[in-house]
Amino acid sequence: MAHEDVIRELQAIVGPRWVLHRPEDLLAYECDGYTLERRPPLAVVQPDSTEEVSRVLRALHRRRIPFIPRGAGTGLSGGAIPQGGEVVISLTRMNRLLEVDVENQRAVVQPGHVNLHLTQKVQGHGYYYAPDPSSQYACTLGGNVAENAGGPHCLKYGVTMNHVLGLTLVLPDGEVVRLGGKAWDYPGYDLVGLVVGSEGTMGVVTEIVVRLLRRPQAVKTCLALFDTVEDASRTVSGITARGIIPAALELMDRLAIDAVEKGNFPVGYPPDIQAVLIAEVDGLAAGLDDQMERIVAVCRENNVREVRVARTDAERALWWNNRKTAFGAMGKLAPDYYVQDGVIPRSKLTEVLRRIDEISREYGLPVANVFHAGDGNLHPLVLYDRRQPGVVEKVVKAGSAILKACVDAGGTISGEHGIGIEKREDMRLVFTQADLDAQSCVREVFDPDGLANPGKLLPSPARCVDIRALPVAGAAGGAGRAG
Ligand SMILES: Cc1cc2nc3c(=O)[nH]c(=O)nc-3n(C[C@H](O)[C@H](O)[C@H](O)COP(=O)(O)OP(=O)(O)OC[C@H]3O[C@@H](n4cnc5c(N)ncnc54)[C@H](O)[C@@H]3O)c2cc1C
C-alpha cells in the first residue's frame, strides 16, 4: 500500500487504535452534513493533544499530504468532505473543558467540546455560552469557530466571532501559535478574527478561549400564527422598527410547519396557517412584560390569527425543540433535502421569499423555509429524492438561483454555514477576482503549501503570484508563539 509508511508514522504518534485506514472505517468520513458529494479520505487520525496534532501535521507536511480538520461533521457546506488524498484530523477526542474562570467570565475548551455541553457545565454558576446553533447538541466548538457559527439567539448576542477571545492554532507545518488570549482586545492585527470563519484553511484549532455570559434573569417567548408569510415578515420588521431587539425572531413557512408537525416535537399548529413566528425577549425581569406586550401589539397590527405567550418552561422548550429539529424533520416530507444559507436585508424578506417561491415552481422542487428572520438569515430547504435521474443537478442550480436572489436583494451567500465546497464558485457572486486573489494571499501566509483543507472556501483557480515572490517570514506576526 502506497501510504503504509505514513499510516505507520501516524500510528506511532497517536497509537494504532486512533488511526483509521480500512475502507469500511472510512465510510463515515466520506461526507459531512452536506451529502451531495462524497469521497473517502486517505485516513482518519484522532489525536488527543495539541502536541499530537503538531506531530501529525509535521509528519504530513514532510510528505506534502493535505489534511482536513473535522469536528462533529454537522457542517452543511461540505467543509469536511475530502477532495482526494487528504488525511482527516478528527478532533472528537480533544473534548475537555480545560478551565472555567467564573470571575472573569471566561472558559478554555478543547475544540471537540460539544457546544451544548459547555452551557450545561457552567449553568450551575449562573452562566452560559451564547451562540447556540440548532445543531448545538452535536456540533463542536472547533467547528463553530471554523464556521463562525450563529443560531437563533445571535440576533441579540452576536455570532461565534463575538464570543472567542483566544485560540491555539497548529499551523500546517506543525508549528503551534497562540492568537489573542484571555484579555480583551490585543494590539496588532486581529488574527483571532481572521481564523474564526476560515473553515480549516489556516490550520487546526486546538484550544479556544470563550466568553461566558450571565444567564438572563428572565425569558419570555411568544408564538404567533399567521395566515400569510407577508404578515409574519412585516411583523419582524415592525418589531425591530420599534427599537426592540429580541433575543430571537424565528420564522417557519407552511411546508416547514408540515415537517415539524410530523417530527418528534409536534406543537399542534392549525393545518391551515401559513407562517409561525417565535419571538423571544430576555434580560431583567422588570422590563420584559412591557416588551412582550409591545411585540404582541405588533403581531396584532399585522393580522395575526393567534398569539400565545409561553406559560411554562416546558411549553417554551416544546416550541424550541419543534423549531430546532426542523432540518431533521424534513425527512418526513422527502428522502433528501438541500439547505441554503443566504442573508438579506430584513426589509426584503417578502420580496425574496416570493422569488424563492418562483424558483421552486421553475425547477419543480418544493422549498421549505425556516429562518432566523431577525438577522435576515434565510434557510430555504430544497426537497428532493436523489434516486430521480438528473435531480441533483437541478437541486444545485435551484440553490444557486436562490443565492443569486439573496445577492440581488443586497444580501450575501452565507449567514452561518460557511462556503466549503458547496458555495466556493458562488463566491464570485459577491467578490471580484481581485478580492478573491487578496483572500488567497492571506490564506497562503498561513498555508504556503496549500495543505490545509484544500479546495474549500475559495474558488479555483486562486492566484497568489505576488506574495509567492516575497519572503514570507511566518504566519502569525504579532502573535505569541509556543511549542
Ligand atoms: C440540524 C442542523 C442544524 C444546524 N443549525 C445551525 C445553526 O443554527 N447555526 C449554524 O451556524 N450552523 C448550523 N448548522 C451547521 C453546523 O452545525 C455548524 O456549521 C457547526 O459549526 C459545525 O460544527 P462541527 O463540529 O460539526 O464541524 P464540522 O462539520 O466537523 O466541520 C466544519 C468545518 O470546520 C472545520 N473544522 C472543524 N473543526 C476544526 C478545528 N478544530 N480547527 C480548524 N477547523 C476545524 C472543518 O474543516 C470544516 O471546514 C446546523 C447543522 C445541522 C445538521
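Here is how the number arises for the chain: DSSP H runs of 4 or more residues each give -39500 (n - 2.57), the sum is divided by the residue count, and the result at 222 nm is -9500 deg cm²/dmol. Only the Cβ atoms of Lys and Arg (+1) and of Asp and Glu (-1) were treated as charged; on that basis the dipole of the chain about its Cα centre amounts to roughly 340 debye. For segment 161-311, the fraction of 1.4 Å probe accessible surface lying on carbon and sulfur atoms is 50 percent. 3J(HN,Hα) along segment 111-122: x, x, 5, 6, 3, 5, 4, 5, 4, 4, 7, 9 Hz, from the Karplus curve 6.51 cos²θ - 1.76 cosθ + 1.60 with θ = phi - 60°, whole Hz, x for Gly and Pro. When you filter the trypsin sites (Lys or Arg not before Pro) in segment 276-369 for DSSP loop state and at most 16 other Cβ atoms inside 10 Å of their Cβ, you are left with 305, 311. If the cut-off is a Cα-Cα distance under 18 Å, which aspartates and glutamates reach residue 332, setting aside same-chain residues fewer than 8 apart in sequence? Residue 332 reaches 253, 258, 261, 385. Other residues lying with their Cβ under 11 Å from the Cβ of residue 401 contribute a combined charge of 0, Lys and Arg counting +1, Asp and Glu -1.
The string of couplings for segment 364-370 from the Karplus curve (6.51, -1.76, 1.60, θ = phi - 60°) is x, 10, x, 10, 9, 10, 10 Hz, one whole number per residue in order, with x for Gly and Pro. Here each label is just a point 7 Å from Cα along the line to Cβ, and for residue 12 and residue 434 those points are 5.1 nm apart. Computed from Cα atoms, the angle from the helix 229-241 axis to the main principal axis of the chain rounds to 80 degrees. Straight Cα distances below 23 angstrom link residue 456 to the lysines 394, 397, 404, 423, with same-chain residues fewer than 8 positions distant left out. Solvent-accessible area of residue 30, all protein chains in place: 40 Å² (probe radius 1.4 Å, heavy atoms, ligands and nucleic acids excluded).
From the Cα gyration tensor of segment 216-268, with a ≥ b ≥ c the square roots of its eigenvalues, which class applies: rounded if a/c is under 1.5, or else prolate if a/b is larger than b/c, or else oblate? In terms of gyration-tensor shape, oblate. For segment 186-235 versus segment 392-434, the spacing of their alpha-carbon centroids is 21 Å. Name the chymotrypsin sites (Phe, Trp or Tyr not before Pro) in segment 105-196 that are in a loop by DSSP and that have at most 13 other C-beta atoms within 10 Å, would you? Here the sparse-neighbourhood loop sites are 184, 189.
Near residue 106, the amide H atoms lying under 5 Å from its own belong to 101, 212; only residues 5 or more places off or on other chains count, and H is placed 1.01 Å from N. Taking amide H atoms as placed 1.01 Å from N in the peptide plane, the amide H of residue 378 lies under 5 Å from those of 342, 343, 344, each 5 or more residues away in sequence or on another chain. Per-residue 3J(HN,Hα) values for segment 399-404, derived from phi via the Karplus relation 6.51 cos²θ - 1.76 cosθ + 1.60 with θ = phi - 60°, read x, 5, 4, 5, 5, 4 Hz in sequence order (x marks Gly and Pro). Legend: residues 379, 125, sorted from most to least accessible area (1.4 Å probe; ligands, DNA and RNA excluded), read 125, 379. Over segment 187-235, accessible surface divided per residue gives 37 Å², non-protein components excluded, 1.4 Å probe. Overall, segment 223-304 carries a charge dipole of about 100 debye about its Cα centre when +1 sits on the Cβ of Lys and Arg and -1 on the Cβ of Asp and Glu, all other atoms neutral.
The length gained on full extension between residue 301 and residue 313, counted as 0.36 nm times the residue separation minus their Cα-Cα distance, comes to 1.6 nm. Decide, for segment 1-101, between rounded, prolate and oblate: order the square roots of the alpha carbon gyration tensor eigenvalues as a ≥ b ≥ c, take rounded if a/c falls under 1.5, and otherwise choose prolate if a/b is larger than b/c, else oblate. It is oblate, given that a/c is not under 1.5 and a/b is not larger than b/c.
The values are calculated or read from the model by the stated rules, or taken from the named source; none is laboratory data. Because the structure is a prediction, the values reported are computed rather than measured. Heads up, the Cβs are rebuilt from the backbone with ideal geometry, glycines too, and the neighbour counts pull from every protein chain shown. Just so you know, the surface numbers come from the protein's heavy atoms only, side chains and all, with ligands and any DNA or RNA stripped out. Shrake-Rupley method; radii C 1.70, N 1.55, O 1.52, S 1.80 Å.
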